[in-house]
1. State which residue is surrounded by the fewest Cβ atoms within 10 Å (Cβ to Cβ) when the search covers only segment 167-188 and only residues that are part of a loop (DSSP other than H, G, I, E, B) and touching an Asp or Glu at 6+ places or on another chain (Cβ under 8 Å).
2. Given Arg105, Arg132, Arg144, Arg171, which one is among the basic types (Lys, Arg) and more than 17 Å from Arg87 (Cβ to Cβ)?
3. Check Arg160 against each of (1) in a helix (DSSP H, G or I); (2) surrounded by 17 or more Cβ atoms within 10 Å (Cβ to Cβ); (3) under 16 Å from the mean Cα position of the chain (by Cα) and name the one condition it does not meet.
4. When you scan segment 105-113, do you find a residue that is at pLDDT 90 or above, over 16 Å from Arg132 (Cα atoms), under 13 Å from the mean Cα position of the chain (by Cα) and surrounded by 15 or more Cβ atoms within 10 Å (Cβ to Cβ), even just one?
5. For segment 78-97, which positions are in a strand (DSSP E or B) and touching a helix residue (DSSP H, G or I) at 6+ places or on another chain (Cβ under 7 Å)?
6. With (1) within 24 Å of Asp96 (Cα to Cα); (2) in a helix (DSSP H, G or I) as the list, and Asp148 as the residue in question, which single condition is left unmet?
7. Among the residues in segment 206-215, are any part of a helix (DSSP H, G or I), in contact (Cβ under 8 Å) with a residue 60 or more places away in the chain and under 15 Å from the mean Cα position of the chain (by Cα)?
8. When you look at Gly203, is it part of a helix (DSSP H, G or I) and surrounded by 15 or more Cβ atoms within 10 Å (Cβ to Cβ), yes or no?
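The values are calculated or read from the model by the stated rules, or taken from the named source; none is laboratory data. Predicted, not measured: the structure shown is a model, and the values here were computed from it. When we count neighbours, we look across all protein chains shown, and the Cβ atoms used for this are built from the backbone with ideal geometry, even at glycine.
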Amino acid sequence: MKTYRTPCDPPGDGFYWTTSRSVPDFQVVKVDRYDYGEGKKVEVNYIGTDEADDWKQVDPDVVFIGPIWPPETDDERAIETFWGPHRFLSNFHPADVTLDGDRYRTVEHAYQAAKTLDDTERADIRAVLTPREAKALGQRVTLRQDWDYVKVNAMLDLLRQKFRQEPLKGRLLATGDKRLIEGNTWGDTFWGVCDGVGENWLGRLLMQVRGELQKQ
C-alpha cells in the first residue's frame, strides 16, 4: 500500500490524500479527505471511472475502483493525460476563478455554472465542495440556449484566470512546447481524446494560454 499526498495550488488552499494499491486491470484508491480551506473539510469516497459520469459516492471506509493510468513515458513531445504529475492541467485541480463576479473553487465548478443563467442553480454549484459534485449538478441545470456557441470561449476565460496564478503559471510554462492532450477513458471526444479519437479542445486551449503567457 502506498500513500500519496498531493498539494493544491496555492499551498494551503486545498489538498487531498489518497492511498492506493494496484491489482490486475484496476487501481484501488481511497480518498481520505478534501480540504478546501476556510475550515471546510469533507471525507468523500467514490466508485467509478475518474471524471466519468458514473461515479457513485460510497461510505468513507469503502475504496473506489478505477483504471490503472498509463505510466509516464520518455516521450518529450506530448503530455497525454492530465493525471499524476500533470494533474494541475485538469479542470478538477483547485484554483480560484470567478464567473460574473462570483468565486468558484475550480474551473470545473465555474464551467458547469456557466451552462445556466439561473442564479439558484449557479449558487447550488458554488456550494458543493468537489468538482465531481459540480459536474453532476451541471448535467441537470437549465441549459442556456446559446451554450454550444459560447462554451469554448467560456472555458478559455476560466483557463486564463487559472493560469495567471502562481505556481500554476510556472508549471504550465514548464511544459515548454509539448503537445497537451486530455486523454481520457470516459468517451469525451470534444474536450479530450479517447481511444485516439477527439478534438482535444481542452488541450488546445491550454496550449493557447501557454503561448500567450510565453509572449508576456
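1. Pro167
2. Arg144
3. Every listed condition holds for Arg160 apart from (2).
4. no
5. Ile79, Ala95, Val97
6. (1)
7. Within segment 206-215, one or more residues are part of a helix (DSSP H, G or I), in contact (Cβ under 8 Å) with a residue 60 or more places away in the chain and under 15 Å from the mean Cα position of the chain (by Cα).
8. In short, yes.
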